[in-house]
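The values are calculated or read from the model by the stated rules, or taken from the named source; none is laboratory data. Just so it is clear, the structure is predicted and the values come from calculations on it, not from any experiment. Glycine gets a Cβ as well: all are built from the backbone with ideal geometry, and neighbour counts include every protein chain shown.
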Amino acid sequence: MTKADLIDEVSRLAELTRKDSEVIVETIFDSVVRSLRVGDKIEIRGFGSFRTRQRKPRVGRNPKTGDRVEVPAKKIPFFKPSKELKDLVNTGEPVAATPPAAPPAQ
């Protein structure tokens, strides 16, 4: 699925114009990127979480010439799918949600 496909899907399901759907999708993506830039973790229950991981500097090799190349440290985005998403992908059936615990009686 491409970003354009996602915009079309939002437009169809929410009965919005394509332009409104595009604004919604772009806003969500921009919010995720902004949060990751400042080091925040994004958690979407039932879907997964996004965070950044730090990679250490290392020495790499140019595959064409074989020369050594210094690769600087950098942050990379990382996505960890939720158990529910994994189960949906593997079984195709929605996982039954557990009801919230009842508050203790007084």
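A few remarks follow.
- Verdict on Arg18 being among the basic types (Lys, Arg) and outside the structural domain of Lys75 (by TED's automatic domain parsing): yes
- Glu26 surrounded by 12 or more Cβ atoms within 10 Å (Cβ to Cβ), modelled with pLDDT of 95 or more and farther than 17 Å from Ile76 by Cβ: yes
- Of everything listed in (1) touching a strand residue (DSSP E or B) at 6+ places or on another chain (Cβ under 7 Å); (2) of a type outside the set (D, E, K, R); (3) surrounded by 12 or more Cβ atoms within 10 Å (Cβ to Cβ); (4) modelled with pLDDT under 95, the single unmet condition for Ser49 is (4).
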